[in-house]
Amino acid sequence: MRQGLAELLQSSGYEPISLELETNLTPSLESLTEQILQKQPHLILLDINLPGINGEMLLKTLRTKSNTPVIMVTSSSVEMDEVLSMSYGADDYVTKPYNPQVLLLRIAAVLKRAEGSSGPIKYRDLEIDLARGVMKNPTKRILLTKNEMIIIGHLLKHQGEIVTRDALMTDLWNNHEYINDNALTVNISRVRAKMATLGNHDAIETRKGLGYVLL
């Protein structure tokens, strides 16, 4: 699988670097982290099931030393694996067997977010880190899904202005995250709930027939 990924990336204009693990040796998480970081990658594709190593634990160790974007690749479709991966700092999550074009789109999207990130954004008493998918106040920290990150990013960019539902759905579509009208309503509700959990109950105002305003 590693070789197939490397060939796919190379044919798409990337410069893949493969890190091979000895099947008869179990390196420590710290030593493996150092081996990865010595390669100075722009993005890491990390499997959860590695020889003698839990990929999620490796991700957790990586996050103590680096903010390099990480996409988890796994054969597991268990929702808890996705939750754990994102909570440990993964930027995205791909389940095998994956569509090569979908994987390439996700790689491009993660690299674009990382390149365009200028650090956390301040909003009221909140600190919103769209590159990491984290929103927090001085006492509590909440993780954001990809759709929630896109929605909040769009609202922040147009704070105080009416943002139409069509504009939000177009932004989501351009980021390769197709979403319909009902799903957008659900995602807006989740963003509101997370902001309320952090003490901002009135952050997003609905303008009936027009869209939303981030106050």
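The values are calculated or read from the model by the stated rules, or taken from the named source; none is laboratory data. None of these values were measured; they are calculated from a predicted model. Note that each Cβ is placed from the backbone with ideal geometry, even for glycine, and that neighbours are counted across all protein chains shown.
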Would you confirm, using the coordinates I've provided, whether residue 184 is over 22 Å from residue 67 (Cβ atoms) and either over 13 Å from the mean Cα position of the chain (by Cα) or not assigned by TED's automatic domain parsing to the domain that holds residue 15 (or both)?
yes
Residue 196 farther than 22 Å from residue 94 by Cα, at pLDDT below 90 and either surrounded by 18 or more Cβ atoms within 10 Å (Cβ to Cβ) or not assigned by TED's automatic domain parsing to the domain that holds residue 71 (or both):
no
Members of region 3-40 found to be assigned to a loop (DSSP other than H, G, I, E, B), at pLDDT 90 or above and over 17 Å from residue 98 (Cα atoms), listed by number:
13, 14, 15, 16, 17
Residue 213 versus (1) of a type in the set (A, V, I, L, M); (2) in a helix (DSSP H, G or I); (3) in contact (Cβ under 8 Å) with a residue 12 or more places away in the chain: which is the lone unmet condition?
(2)
